[in-house]
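**Student:** Pasting a structure below so you can have a look.
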Amino acid sequence: MKKAFLLTAAVLFALTCTLGSAPAAQAKTTFVTIGTGGITGVYYPTGGAIAKMVNNKRKEYGIRATVESTGGSVFNVNAIMSGDLDFGIVQSDRQYQAIHGLAEWEGDPQKDLRAVFSIHPESVTLAAAVDADIKTIKDLKGKRVNIGNPGSGQRQNSIDALDAAGLDYAEDLMAEQVKAAEAPGLLQDGRIDAFFYTVGHPSGAFKEASAGRRKVRFVEVTGPGIDGMIKAKPFYAKSYVPVELYPGAVNESDVMTFGVKATFVTSAKVSEDVVYAITKEVFENFEDFKKLHPAYQVLTKEGMLEGLSAPIHPGAMKYFKEAGLK
Ligand code: GLU
């Protein structure tokens, strides 16, 4: 009898707890995850900057954005398409290739990929140890060079640059395919001679690479073959590395190369409200946003609508129309 009473009391107590907690559960928070890149790149702090803008208004929107360090652009596209990430930062060339079914997505266009806005410019940056005697891209022949991990955006840029310079990455050099975050350490340890990284400037990776005991030079990624490639591929444009950002490097003037733009993307499956809120907070607090990283100095609101090849997500479009940007 006593046992039965205790049991009933326990069940009643449990029920009260469940019912009691119901109102709290109704004030629901939408959690969104932003895929970025390695922590010594610019995507990682960029994801943080975007998350900060929307998290500042958590009470208004009920959105909690968090950032994940990932292997880069290609990984981010695939994780957004599979629903593992809600947003990601992706090179403009990779956005183009994914939506058109090219490169890693050959014959398999990622139809649900949606553009939100573009962000900072990124340069295909080649850094080499001075003692390896690499003065032009052609000098990479026979050298040990990191071209980028398979999930990265830069891997294909490195291959394109080498191709255009008449070098086959698999035959003419010893290509490593590790993450950009590991490359500066390998260079300083003498385990590689050079590495490519498509990134905004300044980046922690090149600060680390150029501040060590082994002297480092940025190498031009130029030449007639590369000029022809830039003309042939709609997503590449001329660009440069501003070397004053890396006082440890031996260069004395800016280094010419080519580049792309970082873009913010999502899936057609992500709700209009969430995309609208993030877009609005970044654009309405634009001056505060621009202060969050020196690579954003050159940003303009109009420029952030360029370099998008996937359809613009309706949530972003709603804001752009309201703001008179579209
Ligand atoms: N552009 C690189 C990539 O797509 C990432 C650069 C960064 O993390 O800033 O993989």
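**Student:** Residues of the range 108-126 being of a type in the set (Asp, Glu) and in a loop (DSSP other than H, G, I, E, B), which ones?
**Tutor:** Asp108, Asp112
**Student:** For the range 128-145, which residues satisfy the criterion of being crowded, with 24+ Cβ neighbours inside 10 Å, farther than 20 Å from Asp227 by Cα and either out of contact with any Lys or Arg (no Cβ under 6 Å at 6 or more places or on another chain) or free of Cβ contacts under 8 Å to residues at least 60 places away in the same chain (or both)?
**Tutor:** Listed by number, the list holds a single entry, Val145.
**Student:** For the structure I just gave you, tell me whether Gln110 is within 17 Å of Ile312 (Cα to Cα), of a type in the set (S, T, N, Q), away from the ligand (no atom under 15 Å from the Cβ) and at pLDDT 95 or above.
**Tutor:** Judged against the criteria, Gln110 is a match.
**Student:** Looking at Pro202, Pro242, Pro234 in this structure, which one is modelled with pLDDT under 95, more than 15 Å from Ala132 (Cα to Cα) and not acidic (Asp, Glu)?
**Tutor:** Pro234
**Student:** Let me ask you something else. Take the conditions of a type outside the set (A, V, I, L, M, F, W, C), within 23 Å of the chain's Cα centre (by Cα) and within 26 Å of Ala98 (Cα to Cα) and apply them to Tyr197. Does it pass?
**Tutor:** It is true that Tyr197 is of a type outside the set (A, V, I, L, M, F, W, C), within 23 Å of the chain's Cα centre (by Cα) and within 26 Å of Ala98 (Cα to Cα).
**Student:** Please go through the range 260-277 and pick out each residue that is surrounded by 15 or more Cβ atoms within 10 Å (Cβ to Cβ) and either more than 17 Å from the chain's Cα centre (by Cα) or over 19 Å from Gln95 (Cβ atoms) (or both).
**Tutor:** Val270, Ser271, Val274, Val275, Tyr276, Ala277
**Student:** Out of Gly47, Gly38, Gly71, report the one residue that is within 16 Å of the ligand (Cβ to nearest atom), at pLDDT 95 or above and within 22 Å of Met304 (Cβ to Cβ).
**Tutor:** After applying the criteria, what remains is Gly47.
**Student:** From the set of residues in the range 74-98 that are among the aromatic types (Phe, Trp, Tyr) and more than 10 Å from the ligand (Cβ to nearest atom), which is nearest to Ala316 (Cα to Cα)?
**Tutor:** Phe87
The values are calculated or read from the model by the stated rules, or taken from the named source; none is laboratory data. As the structure is a computational prediction, the values presented were derived from the model and not from experiment. Virtual Cβ from ideal backbone geometry, glycine too; neighbours counted across all protein chains shown.
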